[in-house]
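Enquirer: I'd like to ask you about the structure that follows.
The values are calculated or read from the model by the stated rules, or taken from the named source; none is laboratory data. All figures in this text were calculated on a predicted structure; none of them were measured in a lab. Note that we place each Cβ from the backbone using ideal geometry, even for glycine, and neighbour counts take in every protein chain shown.
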Amino acid sequence: MSDGEKNENEENVKKKTDFRRKKKPTTKRKRRSRSPSKSEAVVDIEDIMFSIDNVQTIRASLLDWYDRSRRDLPWRSLDKGEPETRAYGVWVSEIMLQQTRVQTVVQFYNRWMLKWPTVQHLSRASLEEVNEMWAGLGYYRRARFLFEGAKMIVKEGGRFPKTVSSLRKIPGIGEYTAGAIASIAFGEVVPVVDGNVIRVIARLKAISGNPKDPKLIKQVWKAAAQLVDLSRPGDFNQALMELGATLCTPTNPSCSTCPVFDHCEALSISKRDSSVLVTDYPAKGIKTKQRHDYSAVCVVEILESQGTSELGQSSRFLLVKRPDEGLLAGLWEFPSVSLDGEADSSTRRESIDSLLSKNFGLEPKKNFEIVNREDVGDFIHVFTHIRLKIYVEHLVLCLKGEGSKLFRKQEKKSILWKCVENKVMSTMGLTSSVRKAYAMVEKFQAGKTSSSSSRVLPIKKQKS
């Protein structure tokens, strides 16, 4: 018996239960600036199951709306007659869509599928190629999981797992992604729950709890399992997510065009009480306070011969590979050091000099000459929970004597750093922060060139 059928039978026993939720206050209040208390959340989510009649009408209404109104997205047009190809496409799209907007994902998805149309093609790629293709999407750990997952599938025979339980064994595939692949590609009757689904069900049942509360999420999974259509589980799951993404949005829901508005308890309450809004459901989650970090980045440009630098002309740039674990694992970046806080130029340069000496054996005057060194500026780069202030400097140097030999020797045997030409920089899978640092240097240099060329020497008056 499927989860959906089991839940329907259980509901048949429960349906006459007269469960009453805590009513929303009717006194005038400010727009929500508080989160519901724990007691409110527990009362709200004690039982959010749907009646049998509601289940049937919600399924029919949502699927009819989805058939007429769904967005034309490339992963939805994959051949349903080739479930494994479809499963791979769904997997790639779902991983890309984590923390990234649909409009952004479409172009990346199309490029990815053109280069690696099957899991077998992806398994033969290199991690560096994968990172290059992923550049611009952020959260690079997702790309690594896709790559490692593809290699694992091929190693174990090349057959794509078909059930949630077997899909969960692949690195990076959690309960949601497994449910999406299994239901959409293979027709397994299982639910999916993401932020959109939590919001839709919370409004349908007027649940005011915190959407990140594990108890609420657990109940939403049960309700979603009850709702999922037995004959079209994949389409229904996409319809439920589509509803949350396009109509039942966080701040501006389009209730008048919603296919299930007549089943929405949040809308019903808001019509009876003007002080209550549909957007009050679910409660606004408390945002995690961002950590403030600081870093100094040195764009090291190495001239082929002594002279004045014109960015990228007869020169190479030093790139360092990040550790294989942790934030931005395995990606290339300019040499950088973490700082304890705001730091002046001399402190930053002292830290950079120490790094260059320790990691590359580079010592000023001993094995390289500084042609030019300037502070370019700084910018803020935001990760999920980190606000990073990055100071950028441009160091132009010319190797001499043993320094030149050392660089050539290390470059041949080491994969922890490399020197690349300017034209190669544009084709590498560099993170947005690395690209921004390089763009700042380019702009700074262009400004200097423009300024110097615009200077006009004073004309000396000739004696009469």
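Enquirer: Can you name every residue in the stretch 99-117 that is surrounded by fewer than 17 Cβ atoms within 10 Å (Cβ to Cβ) and closer than 23 Å to Leu167 by Cα?
Expert: Gln99, Thr100, Pro117, listed by residue number.
Enquirer: So, one more: Would you point out the residue of the stretch 181-196, among those that are over 18 Å from the mean Cα position of the chain (by Cα) and not in a loop (DSSP other than H, G, I, E, B), that is surrounded by the fewest Cβ atoms within 10 Å (Cβ to Cβ)?
Expert: Phe186
Enquirer: Please work out if Glu148 is under 27 Å from Val105 (Cα atoms) and surrounded by fewer than 17 Cβ atoms within 10 Å (Cβ to Cβ).
Expert: Considered against the rule, which asks whether it is under 27 Å from Val105 (Cα atoms) and surrounded by fewer than 17 Cβ atoms within 10 Å (Cβ to Cβ), Glu148 comes out as yes.
Enquirer: Under 8 Å between Cβ atoms, at least 6 apart or on separate chains: pull out the pairs that start in the stretch 306-327 with a residue that is farther than 20 Å from Glu442 by Cα and end on any residue that is among the aromatic types (Phe, Trp, Tyr) and modelled with pLDDT of 70 or more.
Expert: Lys321/Trp332; Lys321/Trp417; Arg322/Trp332; Leu327/Phe383
Enquirer: Please identify the pairs in which a residue from the stretch 334-350 that is in contact (Cβ under 8 Å) with a residue 24 or more places away in the chain has its Cβ atom under 9 Å from the Cβ atom of a residue that is surrounded by 19 or more Cβ atoms within 10 Å (Cβ to Cβ) and of a type in the set (Phe, Trp, Tyr), counting only partners at least 6 apart or on another chain.
Expert: The qualifying pairs are Phe334/Phe317; Phe334/Tyr438; Pro335/Phe360; Leu339/Tyr391; Ala343/Tyr391; Ser345/Tyr391; Arg348/Tyr391.
Rundown of residues vs (1) within 21 Å of Lys287 (Cα to Cα); (2) modelled with pLDDT under 95; (3) crowded, with 20+ Cβ neighbours inside 10 Å, yes/no style:
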{"position": "Leu204", "(1), (2), (3)": "no, no, yes"}
{"position": "Lys212", "(1), (2), (3)": "yes, yes, no"}
{"position": "Lys215", "(1), (2), (3)": "yes, yes, no"}
{"position": "Gln226", "(1), (2), (3)": "no, no, yes"}
{"position": "Ser231", "(1), (2), (3)": "no, no, no"}
{"position": "Asn237", "(1), (2), (3)": "no, no, yes"}
{"position": "Leu240", "(1), (2), (3)": "no, no, yes"}
{"position": "Gly244", "(1), (2), (3)": "yes, no, yes"}
{"position": "Thr249", "(1), (2), (3)": "yes, no, no"}
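Enquirer: Looking at the stretch 130-139, is at least one residue part of a loop (DSSP other than H, G, I, E, B), at positive phi, of a type in the set (Ser, Thr, Tyr) and surrounded by fewer than 20 Cβ atoms within 10 Å (Cβ to Cβ)?
Expert: Looking through the stretch 130-139, at least one residue is part of a loop (DSSP other than H, G, I, E, B), at positive phi, of a type in the set (Ser, Thr, Tyr) and surrounded by fewer than 20 Cβ atoms within 10 Å (Cβ to Cβ).
Enquirer: Going by the conditions given, is Ala206 over 29 Å from Leu267 (Cα atoms), in contact with a Lys or Arg (Cβ under 7 Å, 6 or more places away or on another chain) and in contact (Cβ under 8 Å) with a residue 24 or more places away in the chain?
Expert: No: the conditions fail for Ala206.
Enquirer: Which number in (1) more than 30 Å from Arg199 (Cβ to Cβ); (2) part of a loop (DSSP other than H, G, I, E, B); (3) in contact (Cβ under 8 Å) with a residue 60 or more places away in the chain marks the one condition that Tyr294 misses?
Expert: The single condition Tyr294 does not satisfy is (2).
Enquirer: Quick one: how many residues across the stretch 110-129 are at pLDDT 95 or above and assigned to a helix (DSSP H, G or I)?
Expert: Of the residues in the stretch 110-129, 11 are at pLDDT 95 or above and assigned to a helix (DSSP H, G or I).
Enquirer: Right, next: Among (1) in a strand (DSSP E or B); (2) under 30 Å from Leu362 (Cα atoms), which single condition is Leu328 missing?
Expert: If we test Leu328 against (1) in a strand (DSSP E or B); (2) under 30 Å from Leu362 (Cα atoms), just (1) comes out false.
Residue by residue, here is whether (1) in the same structural domain as Ile386 (by TED's automatic domain parsing); (2) closer than 19 Å to Pro83 by Cβ; (3) touching a residue at least 12 places away in the same chain (Cβ under 8 Å); (4) small (Gly, Ala, Ser) holds:
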{"residue": "Leu137", "(1), (2), (3), (4)": "no, no, yes, no"}
{"residue": "Ala143", "(1), (2), (3), (4)": "no, no, yes, yes"}
{"residue": "Gly174", "(1), (2), (3), (4)": "no, no, no, yes"}
{"residue": "Gly187", "(1), (2), (3), (4)": "no, yes, yes, yes"}
{"residue": "Val190", "(1), (2), (3), (4)": "no, yes, yes, no"}
{"residue": "Ile201", "(1), (2), (3), (4)": "no, no, yes, no"}
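Enquirer: Can you run down the residue pairs with Cβ atoms below 7 Å, 6 or more apart or on separate chains, where the first is in the stretch 240-256 and in the same structural domain as Leu227 (by TED's automatic domain parsing) and the partner is among the acidic types (Asp, Glu) and assigned to a loop (DSSP other than H, G, I, E, B)?
Expert: Met241/Asp194
Enquirer: Tell me whether the stretch 428-439 contains one or more residues that are surrounded by fewer than 17 Cβ atoms within 10 Å (Cβ to Cβ), at pLDDT below 85 and among the hydroxyl-bearing types (Ser, Thr, Tyr).
Expert: No, the stretch 428-439 has no match at all.
Enquirer: Pairs, please: C-beta under 8 Å, at least 6 apart or cross-chain, first residue assigned by TED's automatic domain parsing to the domain that holds Ala185 and free of Cβ contacts under 8 Å to residues at least 60 places away in the same chain and in the stretch 93-104, second aliphatic (A, V, I, L, M) and assigned to a helix (DSSP H, G or I)?
Expert: Ser93/Val105; Met96/Val105; Leu97/Val105
Enquirer: If I filter the stretch 331-346 down to residues being touching a Ser or Thr at 6+ places or on another chain (Cβ under 8 Å) and assigned to a strand (DSSP E or B), which single residue comes out as surrounded by the most Cβ atoms within 10 Å (Cβ to Cβ)?
Expert: It comes out as Ser336.
Enquirer: Looking for something basic (Lys, Arg) and at pLDDT 85 or above - is there at least one such residue anywhere in the stretch 392-411?
Expert: No, the conditions are met nowhere in the stretch 392-411.
Enquirer: Among the helices (runs of 4 or more DSSP H) confined wholly to the stretch 1-109, which include 1 or more residues that are at pLDDT 95 or above?
Expert: Here the list reads 52-69, 83-97.
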